[in-house]
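Each value in this text was obtained by applying a stated rule to the coordinates, not by laboratory testing. The structure displayed is predicted, hence computed values, not measured ones. We place every Cβ from the backbone using ideal geometry, glycine too, and count neighbours over all the protein chains shown.
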Amino acid sequence: MRLAEALGAPSTPSIFAPASTPAFAIRDLSFLVLAIVTGIFIVVAGVTVYAILRYRRRPGDDGRDPPQVYGSMQIELAWTVVPFLIVIVLFLTTTRYIFAIERQPETPDAVEVTVVGNQWWWEIRYPRLGIVTANELHVPVSDAARPTPTFITLQSADVIHSFWIPQLAGKTDLVPGKTNRMWIDPRTPGTYVGQCAEFCGLQHAGMLLTVTVHPKDEFDRWVAAQRAAAADDPAVRAGRDVFASVACISCHTVRGTPGNGVFGPDLTHLMSRATLGAGVAANTPENLRAWVDDPARLKPGARMPAMKLSREQLDGLVAYLVTLR
Ligand code: CUA
């Protein structure tokens, strides 16, 4: 299965196709900036073309310099004051947009999410709902009748990352030791793709992120499924024992098992996710087997070590993991 299929053929992440209030604001501001710089371009390019044509070398030119002009007060003032005014306009408009976005008050219906950046994946927690997942953020659609924005608290476990879903909001950094906040209110259901937008090491490019926007009832069903206990199928007990006996449990959590590590993604509902390794591969049993066998093959530099499992252990472990729906 190709990755794009696994992600449900997501829309192109363009800032010119916004789907959430902060992204609409950024697009409007971009249009203003583009209009101003297009005006500057037309003036500069126009004058340049005019000068090239009007003062080009003609037959019979005597080769002397034209009369030189020094210290024209009018010209000096014009090219100082006009750019200054343009910068002031851009500065004030941008400031107004930033404050308008940051001042958004949190509503009682808002969904609270904490996203923690890790090398190289995203931990996603819903503190009020008791859900922990990774790399794929799920939120309800927010309509005008009953707005349900999602407020996102951003933290980092190691280095600086940057959370960016171009169609939903601007970039916000995740900084070690500092907590940042942002919000989105997606108006159209669908899957929106994003990416870590701050160089954070070898697999910076392998730190993808999706936001799936659900209609309200679908979101409630997703929440219920995520809150459910982990599957415990007696048929795959052997694989569960492998999981509990090797080092998996020191980094990963599967609720209801001895596994309560927090260095890697929570695996309680692993198979509800479309991708592995923060978007580097579709989450299929074959890819999962390859990943557990040697993560570096799919994602060089990944912090998860190859566990050197026997073929039998690997088969059992994957058989167990695929039951974690
Ligand atoms: Cu995380 Cu770049």
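Tabulated results
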{"read-out": "Charged-residue dipole, Cβ positions (Lys, Arg, Asp, Glu), the chain about Cα centre, Debye nearest 20", "value": "380"}
{"read-out": "Phi-based couplings in Hz for region 162-174 (Karplus 6.51, -1.76, 1.60; Gly and Pro marked x)", "value": "9, 8, 9, 10, x, 7, 10, 6, x, 6, 9, 6, 10"}
{"read-out": "Relative packing of 180-187, 150-157, 305-312, which averages over residues the other C-beta atoms within 10 Å, highest first", "value": "180-187, 150-157, 305-312"}
{"read-out": "Per-peptide average of other Cβ atoms within 10 Å, ordering 202-215, 256-269 highest first", "value": "202-215, 256-269"}
{"read-out": "Karplus (6.51, -1.76, 1.60) ³J(HN,Hα), θ = phi - 60°, over region 202-210, in Hz, Gly and Pro reported as x", "value": "3, 9, 3, 6, x, 10, 8, 7, 10"}
{"read-out": "Region 144-220, relative contact order [Cα under 8 Å, separation at least 6], %", "value": "30"}
{"read-out": "Spin-label pair residue 75/residue 103, simplified geometry with 7 Å Cα→Cβ offset, distance in nm", "value": "4.5"}
{"read-out": "20 °C / 1.002 mPa s Stokes-Einstein diffusion coefficient of region 238-325, Kirkwood radius on C-alpha pairs, µm²/s", "value": "167"}
{"read-out": "Extension reserve of the residue 153-residue 284 stretch, reckoned as 0.36 nm per residue once the Cα distance is removed", "value": "44.1 nm"}
{"read-out": "Virtual spin-label span in nm between residue 307 and residue 220, 7 Å along Cα→Cβ", "value": "3.8"}
{"read-out": "Net lengthening on full extension, residue 325/residue 228 (0.36 nm per residue, minus Cα-Cα)", "value": "33.9 nm"}
{"read-out": "FRET efficiency, residue 88 to residue 181 (Cβ-Cβ, R0 45 Å, nearest 0.05)", "value": "0.95"}
{"read-out": "Relative contact order, percent, the chain [alpha-carbon distance under 8 Å, six or more residues apart]", "value": "18"}
{"read-out": "Relative contact order %, region 205-325, counting alpha carbon pairs below 8 Å whose residues are six or more apart", "value": "30"}
{"read-out": "Region 231-296 and region 16-48: distance between their alpha carbon centers, rounded to Å", "value": "46"}
{"read-out": "Proportion of all alpha-carbon pairs of region 161-267 beyond 18 Å (%)", "value": "66"}
{"read-out": "Total formal charge among the other residues, if their Cβ is under 15 angstrom from that of residue 219, Lys/Arg +1 and Asp/Glu -1", "value": "-2"}
{"read-out": "Per-pair calculated FRET efficiency, R0 = 41 Å: residue 16 and residue 55 via Cβ, rounded to 0.05", "value": "0.55"}
{"read-out": "Amide H contacts of residue 246 (H built 1.01 Å from N, under 5 Å, at least 5 apart or other chain)", "value": "none"}
{"read-out": "Cα principal axis extents for region 89-131, largest first, Å", "value": "44, 32, 7"}
{"read-out": "Estimated dipole of region 234-321 in Debye, rounded to 20 [Cβ of Lys and Arg +1, of Asp and Glu -1, Cα centre]", "value": "120"}
{"read-out": "Spin-label proximity, residue 24 to region 179-220 - amide N less than 16 Å from point 7 Å beyond Cα toward beta carbon", "value": "183-189"}
